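Notes to accompany the following structure.
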Amino acid sequence: MAREAQLGGSSQPRRQPRAAGEVQPQEARRGGVLGFIGESWAELHKVEWPTQNQVVQGTAVVIIACLIVGAFLYLNDEIWKYVVQKILI
């Protein structure tokens, strides 16, 4: 017993980590809708939510990227329209 205390061990057996996708035993889980809501609420507390500044910056990046891609597609469409009308037809 003293040796376990020196090694940092405890008298309780250690639990083995579960593999990815493995579920808890039935007796350790709450079931039904209330269990689902409780687990969902617990997961929401673990989320690192973005700040308002991060949301604004992310939105600006998406809008700018959409404008750049839209302009590229528009110009590409106009060029190919000219090619098809003047050269192929």
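The values are calculated or read from the model by the stated rules, or taken from the named source; none is laboratory data. What you are looking at is a predicted structure, and each value in this text was computed from that prediction instead of being measured.
Things worth noting here:
- Q12 among the polar types (S, T, N, Q), over 29 Å from the mean Cα position of the chain (by Cα) and either assigned to a helix (DSSP H, G or I) or at pLDDT 90 or above (or both): no
- Any hit, segment 38-54, residues being modelled with pLDDT of 95 or more, of a type in the set (S, T, Y) and in a helix (DSSP H, G or I): no
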